Amino acid sequence: MTDTAVAPRNINISQAVAEGLRLAMEADDRVLVIGEDVATQGGVFGSTRGLLKAFGPERVLDTPISEMAFTGMAVGLAMEGYRPVIEIMFVDFIGVCLEQVYNAVAKIPYMSGGRIDMPVVIKTAGGGIGAAAQHSQTLWGLFGHLPGLRVVAPSNPYDSKGMIAAAVASNDPVVFIEHKGLLLERAQDFEFGATVPREAYDVPLDKAAVVRPGSDLTLVTLSGSVRHAVTAADAALLSGIDVEVIDLRSIVPIDWETIGASLAKTRSLLVVDEDYLGYGLSGELITGAIERFGLGSLDYVGRHGNPGVPVPAALSLEREIVPGTESILNAIVRAGAAR
């Protein structure tokens, strides 16, 4: 994680994303922003604020509620040399345009023999904030399963600005998943990644970050769970467990080098994932670690996440199935006892 000694600015994550987009659009007039409420309203969470005023309606376009249509529009624009950023308001809505995503955006570069790039950013928001089953999923495991897509999910203000810039600059299609519970959080409230420079910068789309060094247990997580994991790891010291927390940042590709270096120290892996556990990222991480580093090199493997139920409407029930500080701490303690 790159921080400087400069005091954090009084901005939230959605403003950091909007700033990253604005700078990318200033640098390249081929960058367009398209989606529902991205122009006049500036995005439902404000992450496209100010762009309509700065660049006008030809580059920042409000659309009808027609995800299939404007995702298909992005495919055509990309084939003509533009770099469209489309916003699917909530990741739960991806089903209405998924055919364009996995049959066009993801496959055209392969089906064209590499002659046609798809520099499309699919920007969307996921994660639980008490909004019930149809507005609370993360679904990065779904995107990760589809070949041809880069999939990223930042956890803090610095990464959010730098990764949206890197996503726009990428010639590969990128699914950029913001966490709804983080978008309105102020930068100064983060223990890591709080400092957001005013100038343009990129954060690599293929590198994890060690946000808390430790020696006993490697905890791999991402997005909204990172802050909870760091707090839980601090508390775990009272139980004599020193946890190294890795912010995955990228689901595709996975940074196995960083994970492997940590596991060489700790020999123990705990994956914390807000997504569904079944057939998803947590299983991929555990299996991938065993395949790459050998089962004999690990004293413990475990995972903690949504057990596979739709997210309840009641926030109290949501907290029973979505990882939080207390449940992550319990998982750490169980991991420590099992080693």
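The values are calculated or read from the model by the stated rules, or taken from the named source; none is laboratory data. Because the structure is predicted, anything quoted here is derived from the model rather than measured. In this analysis, Cβ positions are derived from the backbone assuming ideal geometry, glycine residues included, and neighbour counts consider all displayed protein chains. When the accessible area is computed, the model is the full protein with side chains, heavy atoms only, and any ligands, DNA or RNA have been set aside. Shrake-Rupley method; radii C 1.70, N 1.55, O 1.52, S 1.80 Å.
Structure notes:
- Residue 125 in contact with a Leu (Cβ under 6 Å, 6 or more places away or on another chain), under 30 Å from residue 322 (Cα atoms) and either of a type outside the set (Val, Ile, Thr) or modelled with pLDDT under 95 (or both): no
- Count of the range 7-52 residues which are open to solvent by 20 Å² or more (accessible area, probe 1.4 Å), farther than 18 Å from residue 154 by Cβ and in contact with a Ser or Thr (Cβ under 7 Å, 6 or more places away or on another chain): 1
- Condition met for residue 238 (part of a helix (DSSP H, G or I), free of Cβ contacts under 8 Å to residues at least 40 places away in the same chain, open to solvent by 10 Å² or more (accessible area, probe 1.4 Å) and not β-branched (Val, Ile, Thr)): yes
So that you can scan it fast, the table gives a plain yes or no per residue for (1) in contact (Cβ under 8 Å) with a residue 60 or more places away in the chain; (2) open to solvent by 10 Å² or more (accessible area, probe 1.4 Å); (3) of a type in the set (Phe, Trp, Tyr):
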position	(1), (2), (3)
83	yes, yes, no
91	yes, no, no
100	no, yes, no
103	no, yes, no
108	no, yes, no
124	no, no, no
157	yes, no, no
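- Strands (runs of 3 or more DSSP E) wholly inside the range 1-93 containing at least 1 residues that are closer than 20 Å to residue 168 by Cα and among the basic types (Lys, Arg): 83-88
- With respect to the conditions (1) over 26 Å from residue 306 (Cα atoms); (2) part of a strand (DSSP E or B); (3) of a type in the set (A, V, I, L, M), residue 151 lacks only one, and its number is (1).
- Of all residues making up the range 301-339, the number that are part of a strand (DSSP E or B) and either open to solvent by 50 Å² or more (accessible area, probe 1.4 Å) or under 13 Å from residue 220 (Cβ atoms) (or both): 5
- Residues (of a type in the set (Lys, Arg) and part of a loop (DSSP other than H, G, I, E, B)) located in the range 106-123: 107, 115
- Looking only at residues in the range 172-199 that are among the charged types (D, E, K, R) and in a loop (DSSP other than H, G, I, E, B), the one that is surrounded by the fewest Cβ atoms within 10 Å (Cβ to Cβ) is 199.
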